[in-house]
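Here the structure comes first, spelled out in structure tokens, and everything after it is commentary.
The values are calculated or read from the model by the stated rules, or taken from the named source; none is laboratory data. In this text the structure is predicted, and so the values were computed from the model without any measurement. With ideal geometry, Cβ positions are generated from the backbone for all residues, glycine too; neighbour counts draw on all protein chains shown.
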Amino acid sequence: MLHTDNILILAPHTDDGELGCGASIAKYILEKKKVTYAAFSTCSQSLPKEMPADTLVKECTAATKALGIGDTIFFDFTVRRLLFHRQEILEELIRINNELKPQTVFLPAKNDVHQDHQVVYAEGLRAFKMQMCWDTNYPGTILISIQTILKRSVKKTLLLKFMH
Ligand SMILES: [Zn+2]
């Protein structure tokens with residue numbers, strides 16, 4: 001059980017928040033908690049040339065909107081190069097902390113080997129050291145299973161939206 005109302009999701013890339021803790025996000029939205037999502041790379045460099053550069057921004061916007069997230073923040077740091085922008089990322093996180101004052105922050109998993117995930121995990125801990133931080137691989141009771149939330153009718157509606 002999470003006893004805070006203002007939650008921040010830190011996603012290195014545009015799908016990491018949903019993949020890492022999407023069921024928890026859906027649960028907290030149902031509980032009327034404020035959830036903000038910040039993505040640090042739009043990964044446009046990883047897309048095939050024939051795809052528009054904002055493809056993943058549009059997908060992430062649709063996914064977070066379907067989950068009911070009010071605010072999504074996008075940064076456009078180069079994918080696989082977040083380490084080169086570590087200090088800028090830290091400063092953006094500090095700015096977000098000052099503006100949003102989240103009580104709980106969800107980070108990438110501590111043991112994730114992806115270089116971008118490691119940067120967001122480390123800088124997230126640094127910027128939000130006074131808040132409750134959970135990495136998305138935490139085996140405790142904060143993160144819930146997808147089956148729990150799938151039982152709720154709202155989630156079924158969300159799934160129907162994603163299938164179209
Ligand atoms: Zn990622």
request  = Taking VAL105 as the residue in question, decide whether it is assigned to a loop (DSSP other than H, G, I, E, B), touching a residue at least 60 places away in the same chain (Cβ under 8 Å) and closer than 19 Å to ASP16 by Cβ.
outcome  = no
Exception for PHE75 within (1) of a type outside the set (Ser, Thr, Tyr); (2) more than 21 Å from ARG126 (Cβ to Cβ); (3) surrounded by fewer than 23 Cβ atoms within 10 Å (Cβ to Cβ); (4) under 14 Å from the mean Cα position of the chain (by Cα) falls at (2)
The residue from ALA122, ALA109, ALA127 that alone is modelled with pLDDT of 90 or more and in contact with a Gly (Cβ under 8 Å, 6 or more places away or on another chain) is ALA109
Scanning the range 18-42 residue by residue, those within 16 Å of the ligand (Cβ to nearest atom) and modelled with pLDDT of 95 or more turn out to be TYR37, ALA38, ALA39, PHE40, SER41, THR42
Among (1) under 22 Å from TYR28 (Cα atoms); (2) of a type in the set (A, V, I, L, M, F, W, C); (3) away from the ligand (no atom under 16 Å from the Cβ); (4) part of a helix (DSSP H, G or I), ILE69 falls short only on (4)
Counted residues in the range 11-51 being of a type in the set (A, V, I, L, M) and without any contact (Cβ under 8 Å) to a residue 40 or more places away in the chain come to 5
